[in-house]
Amino acid sequence: MSQCLICESDYQPFVDLGDMPIANAFATKEELVDEYTFPMQVGFCESCHMVQLIEQPDREKMFHENYAFFSSTSNYMKEHFKHFANSVSELQDLNKDSFVVEIGSNDGIMLQNFVIDKIPCLGVEPSKNVAQVASDKGIEVITEFFDQPLAESVVRTHQKADAILSANVMCHIPYMHSIYDGVKTLLKDDGVFIFEDPYLGEVI
Ligand SMILES: [Zn+2]
């Protein structure tokens with residue numbers, strides 16, 4: 001019996017996919033000998049309907065200086081995030097005094113659009129290699145994991161945000177309560193938090 005990460009109800013796994021390596025690990029022959037794996041058991045909480053992994057892989061094993069996925073390699077994604085950023089600008093009427101934060105900003109594929117429009121923004125991205133690409137585009141990036149203490153520190157060093165954004169990030173994070181506490185701390189009263197993640201119904 002496991003406890004739901006969201007509502008703490010007891011729930012059971014419904015599928016066991018065995019020991020899995022980290023996706024996109026691209027281990028060499030030598031590394032394969034003792035490659036990191038985690039037991040991929042998936043459960044469904046009948047109380048809040050959250051589908052979740054029973055055991056979470058270590059976050060440092062997923063996001064690090066050799067993270068393999070650079071979002072900007074996809075032209076489709078570039079267009080998508082340009083549209084995403086422009087729609088947020090319009091929604092929140094953003095200008096040079098506004099502030100946008102992205103959780104998991106990768107190589108700056110989203111935030112580069114705010115930089116072009118001279119809207120102040122900050123990326124939070126723990127994978128140093130992709131974060132460096134964003135920095136090279138003139139985007140300010142903090143190479144840390146986002147949580148409540150980090151949100152408090154950003155409020156002190158910057159200001160509260162008109163918009164907090166994330167794409168394909170929330171689904172990787174088990175400590176949702178700290179994330180939402182952080183979002184609440186960092187958002188202005190009329191700020192918005194917009195996140196985009198895959199929907200399991202479509203994946204299946
Ligand atoms: Zn639940």
_Being over 16 Å from ALA131 (Cα atoms) and among the charged types (D, E, K, R) is true for just one of GLU102, GLU90. Which residue is that?_
GLU90
*Residue, nearest to ILE6 (Cα to Cα), within region 175-204, restricted to residues that are outside any helix (DSSP H, G or I) and hydroxyl-bearing (Ser, Thr, Tyr)*: TYR175
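If you take the residues in region 1-21 that are assigned to a loop (DSSP other than H, G, I, E, B) and open to solvent by 90 Å² or more (accessible area, probe 1.4 Å), which one is nearest to the ligand (Cβ to nearest atom)? Even if it seems obvious, please write down each step before you answer.
First, pick out the residues of region 1-21 that are assigned to a loop (DSSP other than H, G, I, E, B): 1, 4-9.
Now narrow it down to the ones that are open to solvent by 90 Å² or more (accessible area, probe 1.4 Å): 1, 8.
Details: MET1: 13, GLU8: 7 Å.
Checking each candidate, the answer is GLU8.
Every residue, every condition in (1) modelled with pLDDT under 95; (2) on the phi > 0 side of the Ramachandran plot; (3) hydrophobic (A, V, I, L, M, F, W, C), yes or no:
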position: VAL124; (1), (2), (3): no, no, yes
position: VAL130; (1), (2), (3): yes, no, yes
position: GLU140; (1), (2), (3): no, no, no
position: ASP147; (1), (2), (3): yes, no, no
position: LEU150; (1), (2), (3): no, no, yes
position: GLN159; (1), (2), (3): no, no, no
position: SER166; (1), (2), (3): no, no, no
position: VAL169; (1), (2), (3): yes, no, yes
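Considering each of VAL203, VAL155, VAL115 in turn, give the residue that is more than 18 Å from the chain's Cα centre (by Cα), surrounded by fewer than 14 Cβ atoms within 10 Å (Cβ to Cβ) and of a type in the set (A, V, I, L, M). First the steps, then the outcome.
Details: VAL155 fails: surrounded by fewer than 14 Cβ atoms within 10 Å (Cβ to Cβ); VAL115 fails: surrounded by fewer than 14 Cβ atoms within 10 Å (Cβ to Cβ).
VAL203 is the lone residue from the list that is more than 18 Å from the chain's Cα centre (by Cα), surrounded by fewer than 14 Cβ atoms within 10 Å (Cβ to Cβ) and of a type in the set (A, V, I, L, M).
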_Pairs with Cβ under 6 Å, 6+ apart, first in region 6-19 and on the phi > 0 side of the Ramachandran plot and not assigned by TED's automatic domain parsing to the domain that holds GLN41, second part of a strand (DSSP E or B) and more than 7 Å from the ligand (Cβ to nearest atom)_ = none
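The values are calculated or read from the model by the stated rules, or taken from the named source; none is laboratory data. Quantities reported herein were computed from a predicted structural model and do not represent experimental measurements. Note that each Cβ is placed from the backbone with ideal geometry, even for glycine, and that neighbours are counted across all protein chains shown. SASA here: full protein model, heavy atoms, side chains in, ligands and nucleic acids out. Shrake-Rupley method; radii C 1.70, N 1.55, O 1.52, S 1.80 Å.
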